[in-house]
Amino acid sequence: MTLIKKIDNPDKIFDRENLWDSYLKVEGELALAQSQVGIIPKKAAKEISKNAKLNVVGLKNIEKSFKITKSLILSIVQELSKKCNKDSGGYVHWGGTTRNVIDTGRNLLIREAHRNILDNLSLSIKKLSVLSGLYSETPMLGRTMGQNAVPISFGFKVSGWIESLMRLDKKFIDAEKSLFCLYFGGAVGAMHGFNGKGQALTKQLAKNLGFNNSLVPNRTSLETSIDYLLSLSFQGMIIGKIANEIYSLMSQSIGEISEKQTKGQVGSSTMPHKVNPVIILTVIEESALLRGKVSSSIEAGMPLHEGDLRYNKIIDNLIKESTTLSLRLFNNFNILLDNLNINYKKMEDNLLSEKDYIASENLMYNLAEHIGRQDAHDKIHSVIQKSMTKNISVMESLAKDKTISNFFTTLQIKEIMNPLKYIGESKKISLNVKNVSLKYVQKIIKRASSFDLLVRS
């Protein structure tokens, strides 16, 4: 057994060499499992397993054979058989089919990639948990429907992002159960070529590969792959939402967040004053592309009967594209988090620019204790709207109103309406989410380590 290594270049996951090596791994593990349940001799299985490696069989040998056979798995089987002694070579690929090997080998690579996806997810949550704790009581404007609402803390905002990522992980958990499952049953799934030991074989092979075992090894059970594609699209939605919100906060009219600039960085070619954000645009683009895979994956979920290569090939391509894109997106998202400048002074300035009315809710609840909530709401709403229409001081109008001034002095109104002190339970929620999320990260890491099983050296 070997540990999964960090994938530095997501675009290389499904390279030809990695795919072919994974197919050979399946052939080797198939032989070992067959020997364990008494289908082929143990000596033959050991010989096959020993040689079932790309660096042994030879990339060029497979390429040469493929030009003739036009069947990749058949070429792999032929060349692997040649590397084994005569008695053992005849047992290569016993009872298996092309699709059995391709689907299983592909899922081995997906699991390897997914291990790294989980690593990146846990890293994102950890980075955000730091922000949640650090800015747990840093006041800023809350915004609803594109309008300024009531104050919150920046830590509170980040806490919402964290919980969304933890929900994403629950999607991953469900998808893992169905995708990392063995569907290995021969030509049509009914285990014709295993001498009545098919179910024992698949149980053993699933155990050896670290996969769940299916009740029915149906080659058209593509919904398992689609479950995983949907979870990746969910990732695109969540990270896209976070990225777009950060992008909004980066606008000059708000300016509460910015990207760190490198020395010599230039934005516009014609406007010297302008330096555009760079990393955030990549994250937004990749998240949109990942979300866009949803419709194609649903369309591919309707293969016919016991085998339908049209849909298998669509799923193969979608899986490769989406998994690769998922890793790139997480990598860039974490780079983005490392390069954020949090302008807490600008957050405060924006909040104080609305100080005359942004915490009016607090005044309403204080007044409601005397005249009831609805009357208090109507009274304060009326005063504020009249003041804004006439362009006069809201604070003065509130202080002069007979109903309000009957219960509160001007100083009391100002204190009640101080937006810097009206952030609700933002701090408490932020710190709680920080603690919960750090514990949750450990669960992700522990689960991810369970995939460190029978993967490429």
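Quick note: the coordinates plus some simple rules give every number you see, no bench work behind them. Computed from a predicted structure; not experimentally measured. Here the Cβ positions follow ideal geometry from the backbone for every residue, glycine too, while neighbour counts run over all protein chains shown.
Distances longer than 17 Å among the Cα atoms of the stretch 327-457: what percent of all pairs is that?
Values: 6169 of 8515 pairs.
Of all Cα-Cα pairs in the stretch 327-457, 72 percent lie more than 17 Å apart.
What pairs from 25/293; 345/386; 157/434; 60/83; 260/421; 170/443 go past 19 Å between their alpha carbons?
Values: 25/293 29 Å; 345/386 31 Å; 157/434 12 Å; 60/83 14 Å; 260/421 30 Å; 170/443 11 Å.
The answer is 25/293; 345/386; 260/421.
In percent, what relative contact order does the chain have, based on Cα pairs under 8 Å that are 6 or more apart in sequence? Walk me through the intermediate numbers first.
On the way: 662 pairs, mean separation 102.8, N = 457.
Relative contact order comes out at 23 percent.
For a quick size check, give me the Cα extents of the stretch 10-96 along its three principal axes, largest first, whole Å.
Between the extreme Cα coordinates on each principal axis of the stretch 10-96 lie 39, 30, 21 Å.
To one decimal place, what orientation-averaged projected area in nm² is obtained for the convex hull of the Cα set of the stretch 356-417? All intermediate terms of the calculation are to be shown ahead of the outcome.
Values: hull surface 13.8 nm².
For the stretch 356-417, averaging the hull's shadow over all directions gives 3.4 nm².
What ranking do 92-102, 314-324, 395-405 get when scored by the average of other Cβ atoms within 10 Å per residue, highest first?
On the way: 92-102: 21.4, 314-324: 19.8, 395-405: 16.3.
With the highest mean Cβ count within 10 Å placed first, the list reads 92-102, 314-324, 395-405.
Need one number for the chain: average projected area of the convex hull over its C-alpha atoms, nm².
Numbers: hull surface 116.7 nm².
About 29.2 nm², averaged over all directions.
If I require 24 Å or longer along the helix axis, counting alpha carbons, and a Kyte-Doolittle average no lower than -1.0, what helices from the chain are left? Use full DSSP H segments.
Details: long enough: 16-36 (30 Å, -0.67); 98-134 (54 Å, -0.01); 154-179 (38 Å, -0.06); 223-250 (39 Å, 0.62); 309-338 (44 Å, 0.04); 373-390 (26 Å, -1.22); 426-449 (34 Å, -0.31).
Membrane-span-like by this criterion, though nothing is claimed about a membrane: 16-36, 98-134, 154-179, 223-250, 309-338, 426-449.
Under a straight-distance cross-link criterion of Cα-Cα below 19 Å, which aspartates and glutamates are reachable from residue 428, leaving out those fewer than 8 residues away in the same chain?
Straight-distance partners of residue 428: 137, 163.
Using the basic label-point model (7 angstrom from Cα toward the beta carbon), what is the residue 442 to residue 349 distance in nanometres?
4.2 nm
With charges set only on the Cβ (+1 for Lys and Arg, -1 for Asp and Glu), what does the dipole of the stretch 356-417 come to about its Cα centre, in debye to the nearest 20?
Details: 7 positive and 8 negative charges, 42 e Å.
The calculated dipole for the stretch 356-417 is roughly 200 debye.
Quick one: if you stick a label point 7 Å off each Cα along the C-beta vector at residue 281 and residue 71, how many nm between them?
It is 5.0 nm.
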